Each structure stands twice: as structure tokens, then as C-alpha cells.
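Take a look at the structure set out below.
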Amino acid sequence: MKGPAYSAWQDWQVERGPAALVAAAVLAANPHNSQAWTFQVGDDAIDVFADLSRSTGALDPFHRELYVGLGCALENLLLAAYANGYAPTVTLLPAPGHAAHVALAPGPTERGPLYEAIPHRHTDRSAFAPGPLPAATLTEMAALAEPGTRLVWAADTAHVGRLMVDAARAVTRDEAQSRDSYRLFRSSRSDIRRHKDGLTLDVMGMPALTTAVAKLLPATSRSRADAFWVKNTETVQTRTAAAYGFVAVPDAGDDRARITGGRLLQRVHLWATANGLALGHMNQLTERADRERELGLEPVFTTATQQLVPDGWELLAAFRLGYPSGANGRRLSPRRPAAEVAQPVSG
Ligand SMILES: Cc1cc2nc3c(=O)[nH]c(=O)nc-3n(C[C@H](O)[C@H](O)[C@H](O)COP(=O)(O)O)c2cc1C
């Protein structure tokens, strides 16, 4: 995990001024590592835009995850604003596709543990170590939610685990979803270097030796990749999840709520990282629910998903939480560096 596709993780504090904020933003969690963002950088403002050409297609037919990912990036950007001596003022969605305008005035420098966790946060797809999470931890994490968002903990983890496996299977049986997932799988070094995005063998949560062997073999087929994911969901991810968390908002179809919920999701992930916990995003339930709506299918996962959150709230994004079992789940994913996704404001 060396070279230009990974340099964003090492160089994230090299920039000065507003560019430093973009360098932090690009390290955020985002759907399938599609990095569907662009930034315009001025002396006293940054604008964040959706890049719809990077949509994950059938996995995200209504751009739910795309906007959640923009919220994740915005959270990193704002933490970096405070850390670099700015007082940011955010206007969400000043225009369609224009996710946020962030005005930057001089302010005090504040570097907290969430900011420091930015380069250490990774999506963990490996087996978690056993052990229940203290109730106080879950309560403290739920308190990270700001008005208009909620962090809900699953009451019945076995039930959610079964749903996750069923939904993973349903995604793999849906040809378009399977293809769009495979499209973002980067199996060769040259692909990774060229695209600087997508999912790689390194981040699958496999032990180091298995990963090394897999890299020597020919690229895995779509059906084998699907089978690996379902098996890993069933025998590793759901079996070792200590808790499932759901970011909920009143209307998961509203882009503003998605960005705000995305900010919470990123904050929760950074908090987990700063406190020695492992977190893996798992969004196959909502990917199926959105697909049911798109195609007019029987609302199996739509109904199941709605039952996981209190009345008046909708499930926006889901994750599993637990204790890390080692370094297998903490490997770097590729990133397009800030310079490739940001343009200076002209004039
Ligand atoms: C909205 C959203 C949905 C995601 N859904 C999944 C998912 O269903 N399964 C998964 O393994 N990772 C999921 N992820 C994690 C991304 O794949 C991950 O953030 C991305 O590959 C970058 O890797 P990193 O988080 O380690 O930096 C999701 C992330 C976001 C923000």
C-alpha cells in the first residue's frame, strides 16, 4: 500500500490554508470508495459538489449513499477547518448537486481526538475480537448525534445479522447490483494506480498471508467475488459483530438529511477509531430497499429496514461495531489526492 494511490494518507497535513481542509476531506468514508466529490477552493471558502458521474449505479439508484459520503467528507473538512484556525459557516445544498458552501473566517485553532483520528480511520471487514461493548460506550456514541439525526442501536443483533446475510445474497442475485459492485473492485496494482479508488484485496479483511496469495492469483471472477462477500458476511462479519448501529433521519430521501446523517456517520467512525474500536459499514439492507422501490419489487427489505428504527425515523446508513482483532481490518484504501479533485476558484 505504497505509491501515489496511497500518498493522500501520509500527506494529509502537508498543505496549508484551505487546501489542507480538502486533504482531510478526501480521507472520509464513502460508498464503495467511489469518491463522488469535487471541491472548489477559494481563499475564504470551499464549495463541495456531488460528482454524479461517480455514482455506484444500481447499488444506489436514488443517490442516498452518494450524499451520505459527501456528508462524511464534509465532517472531515470541518474538523480540519477548526484544526487549521478557521471558524467555518456551512450552507447545505445552496443548489442541486452543490452539497455545501463552507465560508471560512479566522478562528481559534482546535485539534481534538476526532481530528487526530482522521488518518487512522479505516473500514474494518475482518473478524472482530470477542467481548460485549459497555452500555456507557453506546450511550456516549449516541450522544454524538445532532438535532435532526439519531444513532439507534439494534436491540436484536442476531436478527440484524440474518437480515444482513439475506440482503447480501439478494444483492449478488441482482445482476445489475452485482455488476456495479464488481466494477469498483480493483484487482491489479496498475488498476489501483490508475484509478486511485474502489475496493482492493487489501481491504477485504483477510489475513496478511491470504491477501498476499490472492494477489498472486489471476483476478477473481464476479461470481467468486460475490460468493466471498456473502460467505464473509455470514461467517465473519455478522458472527463477530458486537453491536449494529443505524444512523437515522426523519426523511432518508432528503439530500440535506443525508449530508447531515453522513456527518454523524463519519463522526461516529472517528470516535470509534479514537477509542480503540473497529467499525465496518454494512449497507446492503438499504441498497436492497432502494432497489425494491426503483423496480417496484415486493418491499421485503424496505419493511425489515423500517422496523429497525423508531416511528418517525428512517434508516439512512448501518454499521457493525466491535473490538479490533489485529491489523487485518486497518489497511489503507486508495485515494485520489486533493490536487486531483479540487480546483482553485477562478477570477
Ligand atoms: C454511505 C456509505 C456506504 C457504505 N457501504 C458499505 C457496505 O455496504 N459495505 C462495506 O464493506 N463498506 C461500505 N462502506 C465503506 C466504504 O466502502 C469505505 O468507506 C471506502 O471503501 C473507503 O475506505 P475506508 O473507509 O477504509 O477509508 C460504506 C461507506 C459509506 C460512507
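Within the stretch 205-229, how many residues turn out to be of a type in the set (A, V, I, L, M, F, W, C), surrounded by fewer than 17 Cβ atoms within 10 Å (Cβ to Cβ) and in a helix (DSSP H, G or I)?
Selection size over the stretch 205-229: 8.
Please state which of the following conditions residue 290 fails to meet, knowing it meets all the rest: (1) touching a Ser or Thr at 6+ places or on another chain (Cβ under 6 Å); (2) crowded, with 24+ Cβ neighbours inside 10 Å; (3) more than 29 Å from residue 114 (Cα to Cα).
(1)
What residue, among those in the stretch 244-276 that are surrounded by fewer than 21 Cβ atoms within 10 Å (Cβ to Cβ) and not acidic (Asp, Glu), is nearest to residue 165 (Cα to Cα)?
253
What is the number of the single condition among (1) part of a loop (DSSP other than H, G, I, E, B); (2) under 28 Å from residue 77 (Cβ atoms); (3) within 15 Å of the ligand (Cβ to nearest atom); (4) in contact with a Lys or Arg (Cβ under 9 Å, 6 or more places away or on another chain) that residue 309 does not meet?
(3)
Restricting the search to the stretch 239-264, which residues are among the acidic types (Asp, Glu) and over 17 Å from the mean Cα position of the chain (by Cα)?
If the condition is that a residue be among the acidic types (Asp, Glu) and over 17 Å from the mean Cα position of the chain (by Cα), then 251, 254 are the ones that fit.
Going through 85, 69, 17 one at a time, which residue ends up being touching a residue at least 60 places away in the same chain (Cβ under 8 Å) and surrounded by fewer than 20 Cβ atoms within 10 Å (Cβ to Cβ)?
Answer to the check: 17.
For the stretch 28-40, does any single residue satisfy the condition of being modelled with pLDDT of 95 or more, under 14 Å from residue 80 (Cα atoms), touching a strand residue (DSSP E or B) at 6+ places or on another chain (Cβ under 9 Å) and in a loop (DSSP other than H, G, I, E, B)?
Yes, there is a match, as at least one residue in the stretch 28-40 is modelled with pLDDT of 95 or more, under 14 Å from residue 80 (Cα atoms), touching a strand residue (DSSP E or B) at 6+ places or on another chain (Cβ under 9 Å) and in a loop (DSSP other than H, G, I, E, B).
Just give me the residues in the stretch 266-296 being away from the ligand (no atom under 16 Å from the Cβ) and of a type in the set (Asp, Glu), in sequence order.
Within the stretch 266-296, 292, 294 meet the criteria.
Search the stretch 36-63 for residues being crowded, with 24+ Cβ neighbours inside 10 Å and within 11 Å of the ligand (Cβ to nearest atom), and hand back the single one that is nearest to the chain's Cα centre (by Cα).
Across the stretch 36-63, the extreme among qualifying residues is 36.
Scan 256, 239 and give me the residue that is away from the ligand (no atom under 11 Å from the Cβ) and not in a loop (DSSP other than H, G, I, E, B).
The match here is 256.
Can you name the number of the only condition in (1) more than 11 Å from the ligand (Cβ to nearest atom); (2) of a type outside the set (Val, Ile, Thr); (3) surrounded by 22 or more Cβ atoms within 10 Å (Cβ to Cβ) that residue 8 fails?
Of everything listed in (1) more than 11 Å from the ligand (Cβ to nearest atom); (2) of a type outside the set (Val, Ile, Thr); (3) surrounded by 22 or more Cβ atoms within 10 Å (Cβ to Cβ), residue 8 misses just condition (1).
Return the pair list, or none, for Cβ contacts closer than 6 Å from residues in the stretch 319-342 that are within 30 Å of residue 49 (Cα to Cα) to residues that are β-branched (Val, Ile, Thr) and within 14 Å of the ligand (Cβ to nearest atom), at least 6 apart or on different chains.
331/203; 333/203; 334/192; 335/26; 338/26
When you go through 174, 180, 202, 197 one by one, which is the residue that is touching a Gly at 6+ places or on another chain (Cβ under 8 Å), touching a residue at least 24 places away in the same chain (Cβ under 8 Å) and of a type in the set (D, E, K, R)? Can you show your working first?
Numbers: 174 fails: touching a Gly at 6+ places or on another chain (Cβ under 8 Å); 202 fails: touching a Gly at 6+ places or on another chain (Cβ under 8 Å); 197 fails: touching a Gly at 6+ places or on another chain (Cβ under 8 Å).
Just one listed residue meets the conditions, 180.
For residue 93, which of the numbered conditions (1) more than 16 Å from the ligand (Cβ to nearest atom); (2) within 22 Å of residue 264 (Cα to Cα); (3) buried (at least 20 other Cβ atoms within 10 Å of the Cβ); (4) in contact (Cβ under 8 Å) with a residue 60 or more places away in the chain fails to hold?
Here residue 93 clears every test but (3).
Please count how many residues of the stretch 114-156 are among the β-branched types (Val, Ile, Thr), away from the ligand (no atom under 16 Å from the Cβ) and either surrounded by fewer than 16 Cβ atoms within 10 Å (Cβ to Cβ) or under 17 Å from the mean Cα position of the chain (by Cα) (or both).
The qualifying residues number 1.
So if I check each of 158, 170, which one is outside any loop (DSSP other than H, G, I, E, B) and within 29 Å of residue 214 (Cβ to Cβ)?
Answer to the check: 170.
Test of understanding: among 299, 334, which residue is farther than 24 Å from residue 145 by Cα, modelled with pLDDT of 95 or more and within 11 Å of the ligand (Cβ to nearest atom)?
On inspection, the qualifying residue turns out to be 334.
The values are calculated or read from the model by the stated rules, or taken from the named source; none is laboratory data. Since the model is a prediction, treat every value here as computed from it, not as a measurement. Every residue, glycine as well, gets a Cβ built from its backbone with ideal geometry; the counts of neighbours run over all protein chains shown.
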